[in-house]
Amino acid sequence: MSIGGGIALIVIGAILAFALDFQVAGIDIQLIGYILIAAGIIVTILGLVFATRRRQVTSTSRSAVDPVSGEQVTRRSTRDDGGPIV
């Protein structure tokens, strides 16, 4: 959602900054457009950073001794996309 929201802010800001040509008393429409473009870029970058963080693979390794045979047993599990351990 944050990537889409950032792109929406960029589009709305570009429309205000470049496409509209009217005056409102006490408000600079072009400046608001530039501010929305900057906010959209920041939100998009943060969304990409958080999306790549969520997709990191985490692996876990556990070792134990089997009480019956006395052998070393190692179990490896991998977690991807924040889902349950497989």
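No value in this document is a laboratory result; all are computed from the given coordinates. Since we're looking at a predicted model, the values are computed, not measured. Cβ: placed from backbone, ideal geometry, glycine included. Neighbour counts: every protein chain shown.
Every residue, every condition in (1) surrounded by 13 or more Cβ atoms within 10 Å (Cβ to Cβ); (2) in contact (Cβ under 8 Å) with a residue 60 or more places away in the chain; (3) β-branched (Val, Ile, Thr); (4) out of contact with any strand residue (DSSP E or B) (no Cβ under 6 Å at 6 or more places or on another chain), yes or no:
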residue	(1), (2), (3), (4)
3	yes, no, yes, yes
10	yes, no, yes, yes
18	no, no, no, yes
60	no, no, yes, no
69	no, no, no, yes
76	no, no, no, no
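Failed condition for residue 21, given (1) within 28 Å of the chain's Cα centre (by Cα); (2) under 25 Å from residue 7 (Cβ atoms), with all others met?
All conditions pass for residue 21, except number (1).
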